[in-house]
Amino acid sequence: MNKDVPKDSGATPQRDGRLGQIGSVSLDWWATLLAGVIAALAVADVLPKIPW
Amino acid sequence: MTTTRIEPEETIDEPTFTSRQPLHYVPGILLLIGVGLLGKYAQIWWKALAKHEHWTVPDIEYVLWAIVIGLLITNTIGLHRTFHPGVQTYDFWLKIGIVLLGARFVLGDIAKLGGLSLIQILVDMTIAGTIIILAARAFGLSGKLGSLLAIGTSICGVSAIVAAKGAIRARNSDVGYAIAAILALGAVALFVLPPLGHAIGLTDREFGFWAGLAVDNTAETTATGYLFSDHAGKIAVLVKSTRNALIGFVVLGFALYWAARGQADEIAPGAKAKAAFIWDKFPKFVLGFLAVSAIATAHWLSKGQTANLANVSKWAFLLTFAGVGLNTDIRHIARTGWRPLVVAVIGLVVVASVSLGIVLLTSRVLHWGLGG
């Protein structure tokens with residue numbers, strides 16, 4: 001599947017290092033972090049009304 | 001022989017984030033949103049059309065519409081490579097949806113339902129796992145492919161197979177076969193289980209337990225549950241999360257088995273190393289789900305905000321359902337070859353039958369409170 005992924009362009013070693021650090025955090029933690037922020041907004045009662 | 005270290009690259013390499021350029025994700029994510037919205041409104045339009053024309057037709061849920069529209073796109077015009085990075089993020093949205101779904105459960109319910117499902121999972125896993133390994137042997141598949149299919153079918157589909165890949169030193173071709181077979185089964189279960197559940201007359205809770213136990217991949221489990229009803233979807237997610245939490249233990253068991261035969265890296269001795277191995281494989285989003293549930297249990301959320309979180313969760317699931325359809329390439333699955341698929345189909349039938357038997361036994365004979 002990865003063969004179809006567009007190639008990176010313009011990456012610098014510094015940027016690669018930063019991305020490497022970000023990439024070392026697993027998908028599970030990223031999902032939990034983002035959901036945690038949404039939950040925190042809800043606890044603070046500032047999450048706008050989300051219709052379904 | 002070497003000792004297994006927990007290497008970051010060994011932990012997760014599912015195709016969720018495949019590009020380092022944020023902009024590469026935009027077209028695919030927009031497509032997920034587009035297909036999801038189309039699915040949601042197709043349900044409304046279908047209902048209105050049937051009412052207008054006085055047709056007596058079943059109500060087709062947005063879940064099914066989103067999946068079918070995605071399937072049609074991928075298997076007719078095909079998915080242009082521009083969309084691939086974004087479309088493959090569907091697992092990310094699934095996990096966000098699961099974490100936020102925690103707002104709809106109090107911790108006491110999770111402990112009760114999770115405890116009930118844990119017993120069922122252990123029985124199901126033992127019976128189904130053994131039958132799949134025997135079937136794989138009978139069809140001449142390699143021992144490791146049999147192990148991967150057993151892990152994928154009894155625990156958590158693709159994530160469990162990926163987690164086991166490094167630990168049992170499986171060949172890439174075996175991993176590819178096992179993943180394709182599990183995805184094919186998920187697609188079949190999606191369309192077969194909900195009508196069967198209605199035909200048998202299962203309650204929402206019973207069906208939720210059945211889908212959570214029988215369907216292998218979390219995205220397909222969620223879709224199968226929600227296809228039956230919202231409540232069944234919630235229960236299916238909870239049961240499946242309990243199953244997911246066991247990944248580390250099952251992979252450790254198989255890793256020890258293959259290491260004892262000199263065909264996998266040895267796990268470092270001692271309980272600490274084994275605990276680190278299990279923690280490494282543990283799906284961390286389950287902790288997020290429990291944390292959000294703890295917040296709801298502590299009444300830190302108003303009624304309106306609880307509904308808000310549930311709605312965000314539903315939107316995240318909608319993107320997941322669109323992604324399930326868009327990522328299911330029937331030609332790719334057909335290229336897998338018939339033997340792994342036959343073993344996987346045997347696996348599905350065995351797991352579905354055993355888990356249905358367990359659900360009916362515990363619900364209607366032993367009265368464990370699954371019927372409500």
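Bear in mind that the values in this text are calculations on the coordinates, not laboratory data. Fair warning: this is a prediction, and the values are worked out from it, not measured in the lab. Because the Cβ atoms are built from the backbone with ideal geometry, glycine has one as well, and the counts that use them run over all protein chains shown.
At a 10 Å Cβ-Cβ cut-off, how would you order B:T297, B:T242, fewest neighbours first? Intermediate values should be presented prior to the final figure.
Working: B:T297 18, B:T242 21.
Placing the least packed residue first, the sequence is B:T297, B:T242.
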Quick check: the angle from helix B:90-101's long axis to the longest principal axis of chain B, C-alpha only, nearest 10 degrees?
70
Once phi is turned into ³J(HN,Hα) by the Karplus curve 6.51 cos²θ - 1.76 cosθ + 1.60 with θ = phi - 60°, what whole-Hz value does each residue of the range A:27-42 show in order, with x for glycine and proline?
4, 4, 5, 4, 4, 5, 4, 5, 5, x, 5, 5, 5, 5, 4, 5
Of the residues B:A199, B:A275, B:A294, which exhibits the maximal mean-square fluctuation in a Gaussian network model of chain B defined by a 10 Å Cα contact cut-off?
B:A199
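Please report the projected area of the range B:98-203's Cα convex hull averaged over all directions, in nm².
One quarter of the hull surface, i.e. the mean projection, equals 8.6 nm².
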Connecting C-alpha atoms closer than 10 Å in a GNM of chain B, tell me which of B:T153, B:T218, B:T56 has the biggest fluctuation.
B:T56
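At a 10 Å Cβ-Cβ cut-off, how would you order B:H198, B:H24, B:H54, fewest neighbours first? Walk me through the intermediate numbers first.
Details: B:H198 13, B:H24 20, B:H54 6.
Least to most surrounded, the residues fall as B:H54, B:H198, B:H24.
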For the range B:71-228, what does the relative contact order come out to in percent, with C-alpha contacts under 8 Å and a separation of six or more?
19
To the nearest 10 degrees, how steeply does helix B:230-245 sit against the main Cα axis of chain B, on a 0 to 90 scale?
10
Give me the angle, in degrees from 0 to 90, between the Cα long axis of helix B:26-52 and the longest principal axis of the Cα atoms of chain B, rounded to the nearest 10.
50
Of A:K49/B:K95; B:K144/B:K234; B:K40/B:K165, which ones are farther than 30 Å apart at the Cα?
B:K144/B:K234; B:K40/B:K165
Going residue by residue through the range A:43-48, the Karplus relation 6.51 cos²θ - 1.76 cosθ + 1.60 with θ = phi - 60° gives ³J(HN,Hα) values, rounded to whole Hz and with x marking Gly or Pro, of 4, 6, 6, 10, 6, x
Give me the net charge of B:T221's neighbourhood, meaning all other residues with Cβ under 11 Å from the Cβ of B:T221; Lys, Arg count +1, Asp, Glu -1.
0
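Cα-based Rg of the protein assembly as shown per 2.2 N^0.38 Å, rounded to two decimals?
In units of the 2.2 N^0.38 Å rule of thumb, it is 0.96.
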Setting aside same-chain residues fewer than 8 positions from B:K272, which lysines have a Cα under 21 Å from its Cα?
B:K281, B:K284
Which of B:N311, B:N217, B:N327 moves most in a GNM of chain B, Cα contacts under 10 Å?
B:N311
